[in-house]
Amino acid sequence: MAKRKGSSRRPQPKHKKSTKSQHDKRSRLDQPNEKRRKTSRAKIPLTGEMKKAVALMQKVLDRRIAFRLSIVVAGMLLADDRRTVSAWFVHAGVQDDWDRFYDFVAATGRTSGKLAGVVLRLIVEKIALVIDGKLVVALDDSPTSRYGRCVEGAGVHHNPTPGPADGKWLYGHNWVTLAVLARHPLWGIVALPLRAMLYVREKDIPALTDEYGLEFRTKHELGVQLLAWFLHAIRRLGIDHRVWVAVDGLYANRPFLRPAMDLGMVVVSRLRKDAGLRDLPPANSHKNRIYGHHKIDLRKRAGSKGGWQEITYHCRGQEVTRKYKTFLATSKLVSGRIRVVIVRFEEGGWAPYFCTDETVGARDILEVAAARWAIEECFHD
């Protein structure tokens, strides 16, 4: 029997949300159980620097529920296998008031911005984030596989790392994540995730709008919101360095680049090999002219034997020497000029990168583009 060819179309979840539970929590709260055991501390409480850090985070929470944060974090550190919320509670020693801890987790999620601000302050106090005069952050999205008949906010997304037994798609949540990049003396560039926002497909929004008032936002809009939050938080800490943003080709898009540039940030990204670029306008052209007369074909530029130079730069923990070309171009992505760098790898392949600041050198662009890989390693871990 011939093997059936799989469809390339995105599959859709076949389940429908069940009706609301017949058990009303309010009726249970009206009849308190005096014998109910309450959890006041973790089975193995936090100590040392972790205890101090969590204590600072508790200050931004409601004091009536803040004590539960140290208990939940202790359970997170002790949990193994599938690290679900229920596993946290089991390893933390949560007793009969486990439902209050579920409410606490939901309430904590609504204050993620304040908690992330505290985490950023702790990082700044411990780690030097400025690398060679640059404050670099990475932004990317990654899906997390989920299981169950109906998981709110979950949908079918592209599988970024399909294995031999995996498909092109997976069912789960998709998180747009912002991470600050730091240099470790032994491991090189590492990504420290600060905050993530849930991306829900527009097709899945109507089921959540009535209950939560959720509005659809693209990945680009979520990314810009994270960058605006980070810029505000880092300025409050007294750091006035210019922020560099390392992203992949998905965010090399006008709806993301223009707002990021308006925030005063420098964006470094991969460029499509068929990108619509033009040369610079002639010197004697009208002052309002943005684009040149001639198109730039990146494949022809990369295939040409002339114009290549050698450069040595820091790439993923080691110094590498490669050939490159760099030039200025105009693009509709930013409605202006960009710096383009074409690098040729040892096996003969090539890749184009660009920077929204035309005055930046090729070395800085290639090093920031290589540092972006740290967030991919963070997702893998």
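Among the residues of the range 32-48, some residue qualifies, meaning at least one is modelled with pLDDT of 65 or more, within 33 Å of the chain's Cα centre (by Cα) and over 24 Å from D96 (Cα atoms). Residues that are assigned to a loop (DSSP other than H, G, I, E, B) and either touching a Gly at 6+ places or on another chain (Cβ under 8 Å) or open to solvent by less than 50 Å² (accessible area, probe 1.4 Å) (or both) within the range 53-64 comprise V60, L61, listed in sequence order.
Scanning for something open to solvent by less than 30 Å² (accessible area, probe 1.4 Å), in contact (Cβ under 8 Å) with a residue 60 or more places away in the chain and within 30 Å of R344 (Cα to Cα), does the range 224-241 turn up at least one residue? No: the range 224-241 contains no residue that is open to solvent by less than 30 Å² (accessible area, probe 1.4 Å), in contact (Cβ under 8 Å) with a residue 60 or more places away in the chain and within 30 Å of R344 (Cα to Cα). The set of residues from the range 258-276 being open to solvent by less than 40 Å² (accessible area, probe 1.4 Å), in contact (Cβ under 8 Å) with a residue 60 or more places away in the chain and either aromatic (F, W, Y) or out of contact with any strand residue (DSSP E or B) (no Cβ under 6 Å at 6 or more places or on another chain) (or both) comprises just one member, A275. Restricted to the range 182-203, and to residues that are open to solvent by 50 Å² or more (accessible area, probe 1.4 Å), part of a strand (DSSP E or B) and in contact (Cβ under 8 Å) with a residue 12 or more places away in the chain, which residue is farthest from I375 (Cα to Cα)? Per the stated criteria, the residue is L198. Of the residues making up the range 204-215, those that are free of Cβ contacts under 8 Å to residues at least 60 places away in the same chain and either open to solvent by 70 Å² or more (accessible area, probe 1.4 Å) or in contact with a Gly (Cβ under 6 Å, 6 or more places away or on another chain) (or both) are D204, P206, D210, E211, Y212, E215. Restricting attention to the range 264-286, the residues that are small (G, A, S) and closer than 10 Å to D297 by Cα total 2. Against the list (1) more than 30 Å from S40 (Cβ to Cβ); (2) in contact (Cβ under 8 Å) with a residue 12 or more places away in the chain, the condition V119 fails is (1).
The values are calculated or read from the model by the stated rules, or taken from the named source; none is laboratory data. Just so it is clear, the structure is predicted and the values come from calculations on it, not from any experiment. So basically every Cβ, Gly included, is an ideal-geometry build from the backbone, and we count neighbours across all protein chains shown. The accessibility values were calculated without ligands, DNA or RNA, using every heavy atom of the protein model including side chains. Shrake-Rupley method; radii C 1.70, N 1.55, O 1.52, S 1.80 Å.
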